[in-house]
Amino acid sequence: MKEFQKDLIDWYIKNHRPLEFRLKKDPYEIWISEIMAQQTRIEAMLPYFKRWIQQLPDIESVAKCDDEKLNKLWQGLGYYSRCKNIKKCAIECVEKYSGKLPCTKEELLKLPGIGPYTAGAIASIANGQRVSAVDGNVIRVFSRLYNIFEDVTKTSVKKQIEELVDESLPSKEEISYYNQAIMELGALICIPKNPRCELCPVKKYCDAKDPGSLPYKAKKKMRKIEYKHLYILVHKDKVHVVKRADTGLLAGLYGFDETKPEHIIESIELEPYIHIFSHVEWHMDATLCIVDREDSNYKTVEEIEEHIAMPSAFMPFMKQVKEYLWKK
DNA sequence: AATCCGGGGCT
DNA sequence: AGCCCAGGATT
């Protein structure tokens with residue numbers, strides 16, 4: 001049992017970044033920010049968070065917000081099921097908890113989209129409950145503090161680290177600072193590559209001989225490559241957008257046709273583009289097809305930019321279509 | 001236990 | 001060209 005908590009919290013109080021979404025300790029804002037921050041850098045989610053809170057100030061406003069608008073607010077953040085789960089969770093809070101989030105980690109864990117980390121973060125940071133919040137930062141910091149060289153992607157090793165964190169928890173009064181402090185140490189000092197050990201407030205407690213090599217993770221599998229040919233149908237100043245299936249990759253967002261239309265007046269080949277996801281690559285070619293009719297799924301560029309949620313994978317093509325329509 | 005699910009910045 | 005990121009759900 002180490003005794004680094006005081007040094008760590010003192011360092012945190014002096015050196016932490018002022019993360020605006022945690023200043024008010026509003027459980028709703030903590031919740032939204034934690035979901036947005038999953039597998040996402042703080043700087044990347046911040047503008048999304050500001051815009052979201054501006055338009056959806058409380059849980060009830062989320063519960064009754066249109067799915068299309070929620071997706072548009074999430075456009076570009078990735079992992080879109082997070083957004084779907086936020087709405088499911090908001091509705092459940094309205095129906096079962098009179099429009100509020102439950103207080104304890106145990107109750108929070110039952111809600112959609114809220115796992116062990118997020119439940120612990122909300123309970124400890126917003127409500128001062130004495131529970132852990134183990135994210136990637138905490139895994140890294142503890143694997144170095146205790147010189148754990150086993151594969152942290154294994155369930156057993158992650159569980160082992162969670163037990164160490166649970167044993168390390170300070171009093172209820174300090175729990176909010178403590179959980180944030182470990183994460184902030186991981187974000188600023190105990191970083192993945194070239195850790196800044198000379199600045200570390202808990203260096204004297206650290207067992208790592210080669211901190212830069214920890215935590216160990218098994219190599220990931222190679223990405224699968226998929227080939228796609230898009231047909232981007234254009235009539236006058238409108239573009240045909242296609243809503244994607246409600247399950248699978250980019251569920252519920254909008255893309256373009258992937259089958260050739262019948263009546264093409266003119267076709268123009270667009271510049272190809274390769275989009276890289278974590279687990280798959282899309283090698284895409286695209287044909288802009290001028291057609292002689294339209295229906296309600298044809299939208300102007302302005303309508304698309306304002307209301308249609310389109311993932312980053314299609315943006316290079318959207319840009320080319322926009323340039324074509326602009327030159328015309 | 002392994003796989004799915006985004007996107008972007010850093011090395 | 002990988003790796004990583006204030007992870008969680010699904011299979």
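The values are calculated or read from the model by the stated rules, or taken from the named source; none is laboratory data. If you're wondering where the values come from, they're calculated on a predicted model, not measured in any experiment. Please note: Cβ atoms are built from the backbone with ideal geometry, for glycine as well, and neighbour counts cover all protein chains shown. Heavy atoms of the whole protein, side chains included, go into the accessibility calculation; ligands, DNA and RNA do not. Shrake-Rupley method; radii C 1.70, N 1.55, O 1.52, S 1.80 Å.
Numbers below:
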quantity: Within straight-line cross-link reach of A:K322, lysines at Cα separation under 25 Å, skipping those fewer than 8 residues along the same chain; calculated: A:K69, A:K72, A:K228, A:K236, A:K238, A:K243, A:K260, A:K299
quantity: A:F317 accessible area, assembled protein chains, probe 1.4 Å, Å²; calculated: 0 Å²
quantity: Surface per residue (accessible, 1.4 Å probe) for the stretch A:224-327, Å²; calculated: 57 Å²
quantity: Order by protection proxy (mean Cβ within 10 Å, highest first), peptides A:153-163, A:184-194; calculated: A:184-194, A:153-163
quantity: Relative contact order of the stretch A:5-213, defined on C-alpha pairs under 8 angstrom at six or more residues apart (%); calculated: 22 percent
quantity: Fluctuation leader among A:P102, A:P170, A:P18 - chain A, Gaussian network, Cα springs under 10 angstrom; calculated: A:P18
quantity: Per-residue ³J(HN,Hα) for the stretch A:89-105, Karplus 6.51 cos²θ - 1.76 cosθ + 1.60, θ = phi - 60°, Hz, x for Gly and Pro; calculated: 5, 4, 4, 5, 5, 5, 6, 10, 10, 6, x, 10, 7, x, 8, 9, 4
quantity: Theoretical gain in end-to-end length, A:S156 to A:Y205 [0.36 nm per residue, Cα-Cα removed]; calculated: 15.2 nm
quantity: Summed residue charge, Cβ within 14 Å of A:V280's Cβ, Lys/Arg positive, Asp/Glu negative; calculated: +3
quantity: MRE, 222 nm, helices only [DSSP H, n ≥ 4, -39500 (n - 2.57), over chain A, to nearest 500]; calculated: -12000 deg cm²/dmol
quantity: Angle in degrees between helix A:5-15 and the longest Cα principal axis of chain A, rounded to the nearest 10; calculated: 50 degrees
quantity: Carbon + sulfur, % of accessible area of chain A - ligands and nucleic acids excluded, 1.4 Å; calculated: 52 percent
quantity: Top of A:I276, A:I175, A:I35 by mean-square fluctuation, Gaussian network on chain A, Cα under 10 Å; calculated: A:I276
quantity: Filter on A:K2/A:K203; A:K105/A:K220; A:K96/A:K172 - keep pairs with C-alpha separation over 21 Å; calculated: A:K105/A:K220; A:K96/A:K172
quantity: Computed label-point distance, nm, for sites A:E106 and A:K260 using a 7 Å Cα→Cβ extension; calculated: 6.3 nm
quantity: Environment charge at A:L23 (Cβ cut-off 14 Å; Lys +1, Arg +1, Asp -1, Glu -1); calculated: +2
quantity: C-alpha center-to-center spacing [the stretch A:265-328, the stretch A:23-60] in angstrom; calculated: 30 Å
quantity: Solvent-accessible area per residue for the stretch A:5-213 (1.4 angstrom probe, square angstrom); calculated: 49 Å²
